[in-house]
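A.B. asks: Let me give you the structure first, and then I'll get to my questions.
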Amino acid sequence: MKTTFNSSLKAFTLCAGFFSLVACREKSVTKPGRLIPDIDNIHTFGLNESFFTPNLAVTQYDSLITNDSTYFYAGIGKISDDPFFGSSESGLFVQFIPSISFTQFPTDVVVDSASICLPYVSNVYGDTSRTASNVINLSVYRVTDDNFKRGTGLPYYAFTDFTHNTTPIGGGSFDYKSTFDTIRTPIDTIAGQMRIPLNQSFINELVTADTSKYSSTAAFLSFVKGFYIAPTPGSSPLQRRVSYVSLNGNTTNTTARIDFYVHNTTTGSPRKITFPFNYTNCAFSNRIVRNRLSTTSDKYVGSTNATTRDSIIIQGYPGFYSEITIKNIDQIPPSVINKAELILTCMPLGLDNYYTGPTQLVPMGVNPDGTRYTLADLLTNAGSPSANGYTFVDGKPRDVTINGTKYTQYSINFPRELQLALNAGKKELKLRISSSTATIGAYRMVAGGLNGAADTKLRLDVIYTKTN
């Protein structure tokens, strides 16, 4: 089964108020009342990729910030066997704190169990089959690093690691079905939770701690600096899933937390004590470790070989983006650009039913100094982001059949950007194409480059009308 994705999880910067182009050469609608004119080779002409002689480049990017204080989501799990991109592990560094009024565990209760509870969101990357073997095995480790804390002003990247004990203080196995399961406890009913049991020895340490450890938030975070939740090393069976969780919710059960289930020693009545994630005081970071050694994707990094570079390689950050340099723009006469469309056709990589392509490609312009900018097609005429920009630019996957074989294809429309480049007398235009970061670490694709089969190689279609 395929990866699932909730497109509302994180808003994109959306731009340019136009209708989507229909992917045909002659009569595509650009906005109400206007059609792309027919190519007559008198006033209106068509060009393709052979005219622009594009250059392709693939670059690895690992500097993804994962402690964004406006985006409290994280991926946890493991991809063991992507045949092209290799393996990947996603873990979560996180802190929890007791409420301000909490001073110590009551002496008249016994703690029966405690679990870290992480509310699932609907995003899942990888295997979504409801089979007993589709599990991710996780362990919980105690953070010992004083540098892991909220309010430092420092970015925590996907590669950032914090020192932690190597002996687990909790753990468990989680199948895909648990994403939807409803759990009944002695005092409540909870749905859609990743509940990771903590070891009794660690629970006892918290229960027997004196009041000084709970005297303030700072005192508690000095006592328990945080947790690292990560795939269990060397565990089996083969793991093929990253599940996504939310940290900051509107209610207790939609917020990440530690739940302690206790009972009164006299009455036996059950009770729950909660240490929640508090976004004001608690640090978090999503660590993602890629292992591409000896994989096909590793050959693309920094390659100068024309054959090796002749592909569009994209992997959700930390991963790969591709750049396309479109040349000979100054050879187009003064014109109105009616259409400029890139068409990318994805090649089969193996296990594509698990490891799917991006749900949204994100194109950006690249200046000669390497700085990036938003494409004109994603902006209003006033230069501000347009709510309908991606409706026009597109970049979403669609299924196509070519010579009886099914492919995934992407279209990127950028006539306004090409028009600006032409008007400015530029010789070339560089576009960077990456995957949306709404689902951290997910999605990958390889699209045909400039060579290969005519029906699946990179296509660049431009239609222009001369102005004199």
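A.B. asks: Check Asp210 against each of (1) surrounded by fewer than 20 Cβ atoms within 10 Å (Cβ to Cβ); (2) of a type in the set (Asp, Glu); (3) closer than 30 Å to Ser122 by Cα and name the one condition it does not meet.
C.D. replies: Evaluating Asp210 over (1) surrounded by fewer than 20 Cβ atoms within 10 Å (Cβ to Cβ); (2) of a type in the set (Asp, Glu); (3) closer than 30 Å to Ser122 by Cα leaves (3) as the failure.
A.B. asks: Cβ-Cβ distance below 8 Å, separation of 6 or more or different chains: which pairs start in segment 37-64 with a residue that is under 15 Å from Gly449 (Cβ atoms) and assigned by TED's automatic domain parsing to the domain that holds Ile343 and end on one that is of a type in the set (Ser, Thr, Tyr) and part of a helix (DSSP H, G or I)?
C.D. replies: What qualifies is Val58/Tyr300.
A.B. asks: Could you say whether any residue in segment 57-65 is touching a Pro at 6+ places or on another chain (Cβ under 6 Å) and β-branched (Val, Ile, Thr)?
C.D. replies: Looking through segment 57-65, at least one residue is touching a Pro at 6+ places or on another chain (Cβ under 6 Å) and β-branched (Val, Ile, Thr).
A.B. asks: Additional query: Only one of these conditions is not met by Asp62: (1) surrounded by fewer than 18 Cβ atoms within 10 Å (Cβ to Cβ); (2) at pLDDT 95 or above. Which number is it?
C.D. replies: Every condition holds for Asp62 apart from (2).
A.B. asks: Among what's in segment 369-388 and is part of a loop (DSSP other than H, G, I, E, B) and touching a residue at least 24 places away in the same chain (Cβ under 8 Å), pick the residue that is farthest from the chain's Cα centre (by Cα). Walk me through it before giving the result.
C.D. replies: Restricting attention to segment 369-388, the residues satisfying the condition of being part of a loop (DSSP other than H, G, I, E, B) are 369-371, 374-375, 380-384, 386-388.
Adding the requirement that they be touching a residue at least 24 places away in the same chain (Cβ under 8 Å) leaves 374-375, 380, 386-388.
On the way: Thr374: 20, Leu375: 21, Thr380: 27, Ser386: 22, Ala387: 21, Asn388: 22 Å.
It comes out as Thr380.
A.B. asks: Related question: Inside segment 153-205, can you point out the residues that are at pLDDT 95 or above, outside any strand (DSSP E or B) and among the β-branched types (Val, Ile, Thr)?
C.D. replies: Thr160, Thr163, Thr166, Thr167, Ile169, Ile203
A.B. asks: I would also like to ask the following. Somewhere in segment 36-44, is a residue in contact with a helix residue (DSSP H, G or I) (Cβ under 9 Å, 6 or more places away or on another chain), surrounded by 18 or more Cβ atoms within 10 Å (Cβ to Cβ) and assigned to a strand (DSSP E or B)?
C.D. replies: no
A.B. asks: Would you check if there is a residue in segment 226-237 being surrounded by 23 or more Cβ atoms within 10 Å (Cβ to Cβ) and either in contact with a His (Cβ under 6 Å, 6 or more places away or on another chain) or modelled with pLDDT under 95 (or both)?
C.D. replies: Taking every residue of segment 226-237 in turn, at least one turns out to be surrounded by 23 or more Cβ atoms within 10 Å (Cβ to Cβ) and either in contact with a His (Cβ under 6 Å, 6 or more places away or on another chain) or modelled with pLDDT under 95 (or both).
A.B. asks: Kindly evaluate Ile273 against the criterion of being over 21 Å from the mean Cα position of the chain (by Cα), surrounded by 15 or more Cβ atoms within 10 Å (Cβ to Cβ) and not charged (D, E, K, R).
C.D. replies: Values: over 21 Å from the mean Cα position of the chain (by Cα): yes; surrounded by 15 or more Cβ atoms within 10 Å (Cβ to Cβ): yes; not charged (D, E, K, R): yes.
It is true that Ile273 is over 21 Å from the mean Cα position of the chain (by Cα), surrounded by 15 or more Cβ atoms within 10 Å (Cβ to Cβ) and not charged (D, E, K, R).
A.B. asks: List every residue pair whose Cβ atoms lie under 6 Å apart, where the two residues are 6 or more positions apart in sequence or sit on different chains, the first residue falls within segment 155-182 and is in contact (Cβ under 8 Å) with a residue 60 or more places away in the chain, and the second residue, located anywhere, is hydrophobic (A, V, I, L, M, F, W, C) and part of a loop (DSSP other than H, G, I, E, B).
C.D. replies: These pairs meet every condition: Ala158/Leu64; Phe162/Phe148.
A.B. asks: Which residue is nearest to Leu138 (Cα to Cα), if the candidates are limited to segment 66-109 and must be assigned to a loop (DSSP other than H, G, I, E, B) and among the charged types (D, E, K, R)?
C.D. replies: Asp68
A.B. asks: For segment 398-429, name all the residues that are surrounded by fewer than 21 Cβ atoms within 10 Å (Cβ to Cβ), within 19 Å of Ile314 (Cα to Cα) and not hydroxyl-bearing (Ser, Thr, Tyr).
C.D. replies: Arg398, Asp399, Gln409
Matching residues to (1) part of a strand (DSSP E or B); (2) of a type outside the set (Gly, Ala, Ser); (3) touching a residue at least 12 places away in the same chain (Cβ under 8 Å); (4) more than 30 Å from Val121 (Cβ to Cβ):
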| site | (1), (2), (3), (4) |
| --- | --- |
| Lys396 | no, yes, yes, no |
| Asp399 | yes, yes, no, no |
| Gln409 | yes, yes, yes, no |
| Glu417 | no, yes, yes, yes |
| Ile433 | yes, yes, yes, no |
| Met445 | yes, yes, yes, no |
| Asp455 | no, yes, yes, yes |
| Asp461 | yes, yes, yes, yes |
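A.B. asks: Let me ask another. Which residues, taken from segment 137-152, are assigned to a loop (DSSP other than H, G, I, E, B) and either more than 24 Å from the chain's Cα centre (by Cα) or farther than 23 Å from Pro233 by Cα (or both)?
C.D. replies: Across segment 137-152, the qualifying residues are Thr144, Asp145, Asp146, Asn147, Lys149, Arg150, Gly151, Thr152.
A.B. asks: Looking at (1) of a type in the set (Ser, Thr, Tyr); (2) modelled with pLDDT of 95 or more; (3) outside any strand (DSSP E or B), find the lone condition where Tyr120 falls short.
C.D. replies: It fails just one condition, (3).
A.B. asks: I would also like to ask the following. In segment 123-136, how many are assigned to a loop (DSSP other than H, G, I, E, B) and either closer than 28 Å to Ile203 by Cβ or touching a Lys or Arg at 6+ places or on another chain (Cβ under 8 Å) (or both)?
C.D. replies: Residues flagged as assigned to a loop (DSSP other than H, G, I, E, B) and either closer than 28 Å to Ile203 by Cβ or touching a Lys or Arg at 6+ places or on another chain (Cβ under 8 Å) (or both) within segment 123-136 amount to 4.
The values are calculated or read from the model by the stated rules, or taken from the named source; none is laboratory data. In this text the structure is predicted, and so the values were computed from the model without any measurement. Note that each Cβ is placed from the backbone with ideal geometry, even for glycine, and that neighbours are counted across all protein chains shown.
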